[in-house]
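Below is one structure; the comments refer to it alone.
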Amino acid sequence: MRHISIIFKRELAAYFNNPLAYVLIIIFSVLSMGLTFVIGKFLDLNDASLTNFFLFHPWIYMIFGPAIGMRLWSEEHRMGTTELLLTMPISPWEAIVGKFLAACVVLAAALLSTIPIVVTVYILGSPDGQMIFSGYLGSFLIGAATIAITCAISALTRSQISCLLISVFICFLLVLAGFPSVADFLRPTAPWLADLGNAISLWWHQSEMARGLVRLQSLAYLTTLIAFCLYLTSVIIRSKRA
Amino acid sequence: MTNRQSRPSFQLARMIEIHHLSKHFGPKVAVDNLSLTVQKGQVLGFLGPNGAGKSTTMRMITGYLPPSAGSITIGGVDMLDNPNTAKAKIGYLPESAPLYADMTVAGFLSFAAELRGLSGAAKKAAVEKAITTCFLEKVRSQSIDTLSKGYRHRTCLAQAIIHDPEVLILDEPTDGLDPNQKDVVRNLIKEMGKTKAIIFSTHILEEVEACCTRAVIIDQGKVVADGTPDELKRRALRAGSVHVKITGPGAASLAGDLARLGHAGRIEDPVTADDSFQGTVYPKAKTATGALTTEIYDLCRNRNLTLSELHEEPGRLDDMFRELTSQNQV
């Protein structure tokens, strides 16, 4: 636990000593709220709900998650500090978890920056607080999943750009898999494939939680996905050394 | 001091033991059945051509790379069974001295100290001591990415010694430093070598003579020589050979007489002029240091010849290095 917190603090400082984290948070904030107002026609809908706002999140995370997570191990590999870190008397999983948690703080800060839209719905109407909570919970878990995927990819390469591109592609597939147009296209020919697409799709889980439906299935899938990606990271790091 | 002298066994503690260590990268054998023991108080110079397996060996000793076969024991703790306990006993300076560029020198050392289990006042004291030992006072609050190579190297060295480890593994600690900085680092190693077990790799052979109590040369993953720097020097081909220039009547025909001396072997590069002889006499066996020189001196004195040059080659480490490691190349 102590080691996790030491690594966590260092990573967090590395994020916030760098303009990148602030830039990413601002971009997330502007995009998520901007898209809701402009494309989502937030005000025209006359509905005191943030469902549309939360539905944009998976699309933003597709790039935002990889942009936060790409430096996690790629940067260590590039600077050669992996060798320093892994010859310290700590376990690789402690370093992995510490780094992942620090990236999640950046994600949480980005979500916090969207508070103005929550304030707006409360001013304009009387929204369902539980729905907003479940939307944020889903959004956080999905963001964390995109970071965990990127974390595993970043262990593979010393190039942050390669990591970004590969991770964006994987996240794109995971978002798209359950998107209505894809599901509608698959359902007539292969209904099981459409169900599978829904089950693994970040978009589908988010669309459920944005409507206030927090299913055990969603929570289990997302936490398992995160745990699996972090485990995969440790396997990659170990196999790179062998 | 008296306490330590009365306990010689303490000095002989085996700090680093590696047995039959091998490492394969696919079909390539980087380290091949290598065994080494380093005791407390020993500074071992690790020599070998590029690609000989020095860095790979060090990476296995420090627990970074898992070995394909063999065992590593640090201060009695097995690296494979108890990696964290074994790693805690080691300070490691990797090749190229990697650092977190976004941190300050003091911040980085404090981070390293925390990972080494230090906290509070002990942590502060350790950071201060490392900063002083490695002469980093001037740059302590500077960001690492603004440091010159010499400072970067010393910052990474400071990280390696911050927990006062019993074992130090230093991969080319003087690489890229200017002569003054090299001197500083060599003196540091020499000083720390009194109380620790140190392995350091280098390409600079004079460095080994300057601060090692023992030198090991490896080639293609195998130990090809192991001994004190003096022992290794004596094993060089030219070691013990005597270069002479003798003048006087009859000196020109001296070659035969020199070759008949009790300890003499072959004679190389003989140059004869009217009244002088010049050449290099090799000893028959390398064990009789000085005997050949005495014989030549006596021969000249008995015949009233003038010895205008007499030089016994002590042997050079770089000769030895070349002889042992060049056969297999190109």
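Things to note:
- Number of positions in the stretch A:7-48 that are away from chain B (no Cβ under 12 Å) and in a loop (DSSP other than H, G, I, E, B): 10
- For the residues A:A148, A:A199, A:A144, A:A152, the requirement of being among the hydrophobic types (A, V, I, L, M, F, W, C) and over 15 Å from the mean Cα position of the chain (by Cα) singles out A:A199.
- Contact map, the stretch B:132-154: residues that are exposed (fewer than 15 other Cβ atoms within 10 Å of the Cβ) paired with residues that are in a helix (DSSP H, G or I), Cβ distance under 7 Å, separation 6+ or inter-chain. Pairs shown: B:E137/B:I131; B:S141/B:A106.
- Tallying residues that are open to solvent by 10 Å² or more (accessible area, probe 1.4 Å), facing chain B (nearest Cβ under 10 Å) and free of Cβ contacts under 8 Å to residues at least 40 places away in the same chain within the stretch A:56-84 yields 3.
- Residue in the stretch A:85-95 that is on the phi > 0 side of the Ramachandran plot and within 14 Å of chain B (Cβ to nearest Cβ) present: no
- Identity of the residue in the stretch B:208-220, buried (at least 20 other Cβ atoms within 10 Å of the Cβ) and in contact with a helix residue (DSSP H, G or I) (Cβ under 7 Å, 6 or more places away or on another chain), that ends up farthest from B:A52 (Cα to Cα): B:C211
- Residue in the stretch A:133-147 that is of a type outside the set (D, E), more than 29 Å from A:Q217 (Cβ to Cβ) and surrounded by fewer than 23 Cβ atoms within 10 Å (Cβ to Cβ) present: no
- Residue match in the stretch B:248-255 (condition: within 30 Å of B:E209 (Cα to Cα), assigned to a helix (DSSP H, G or I) and touching an Asp or Glu at 6+ places or on another chain (Cβ under 6 Å)): no
- First in the stretch B:232-261 and crowded, with 17+ Cβ neighbours inside 10 Å, second anywhere and part of a helix (DSSP H, G or I) and aromatic (F, W, Y), Cβ under 9 Å, 6 or more apart: B:L232/B:F321; B:A236/B:F321
- Scanning the stretch A:17-38 for residues that are in contact (Cβ under 8 Å) with a residue 12 or more places away in the chain and either more than 19 Å from A:E76 (Cα to Cα) or of a type in the set (F, W, Y) (or both) returns A:L24, A:I25, A:I26, A:I27, A:F28, A:S29, A:L31, A:S32, A:M33, A:L35, A:T36.
- Qualifying residues in the stretch A:187-210 (those that are surrounded by 19 or more Cβ atoms within 10 Å (Cβ to Cβ) and not small (G, A, S)) - the one farthest from A:G129 (Cα to Cα): A:N198
- Filtered residues of the stretch B:66-105 (kept if open to solvent by less than 50 Å² (accessible area, probe 1.4 Å), more than 11 Å from chain A (Cβ to nearest Cβ) and either among the hydroxyl-bearing types (S, T, Y) or without any contact (Cβ under 8 Å) to a residue 12 or more places away in the chain (or both)): B:S71, B:T73, B:D78
- Condition check for B:L47: of a type in the set (A, V, I, L, M, F, W, C) and farther than 26 Å from B:A130 by Cα: yes
- Test: residue in the stretch B:118-127 that is out of contact with any helix residue (DSSP H, G or I) (no Cβ under 6 Å at 6 or more places or on another chain) and of a type in the set (S, T, N, Q): yes
- Any hit, the stretch B:50-58, residues being within 9 Å of chain A (Cβ to nearest Cβ), at pLDDT 90 or above and either open to solvent by less than 30 Å² (accessible area, probe 1.4 Å) or within 30 Å of B:Q142 (Cβ to Cβ) (or both): no
- Condition met for A:P127 (surrounded by fewer than 22 Cβ atoms within 10 Å (Cβ to Cβ) and in contact (Cβ under 8 Å) with a residue 60 or more places away in the chain): yes
- Meets criteria (modelled with pLDDT of 95 or more and open to solvent by 10 Å² or more (accessible area, probe 1.4 Å)) for A:A108: yes
- Filter result for B:G63 (under 27 Å from the mean Cα position of the chain (by Cα), in contact (Cβ under 8 Å) with a residue 12 or more places away in the chain and assigned to a strand (DSSP E or B)): no
- Selection of the stretch B:195-218 for residues being charged (D, E, K, R), touching a strand residue (DSSP E or B) at 6+ places or on another chain (Cβ under 9 Å) and over 21 Å from B:I161 (Cβ atoms) yields only B:E209.
- Elements of type helices (runs of 4 or more DSSP H) contained in the stretch A:177-242, each with 1 or more residues being among the aliphatic types (A, V, I, L, M) and free of Cβ contacts under 8 Å to residues at least 24 places away in the same chain: A:180-186, A:191-200, A:216-241
The values are calculated or read from the model by the stated rules, or taken from the named source; none is laboratory data. What you see is a predicted model, and the numbers here were worked out from it, not measured in a lab. As a convention, Cβ positions derive from the backbone with ideal geometry for all residues, glycine included, and neighbour counts pool all protein chains shown. Note: areas computed on protein heavy atoms with side chains; ligands, DNA, RNA excluded. Shrake-Rupley method; radii C 1.70, N 1.55, O 1.52, S 1.80 Å.
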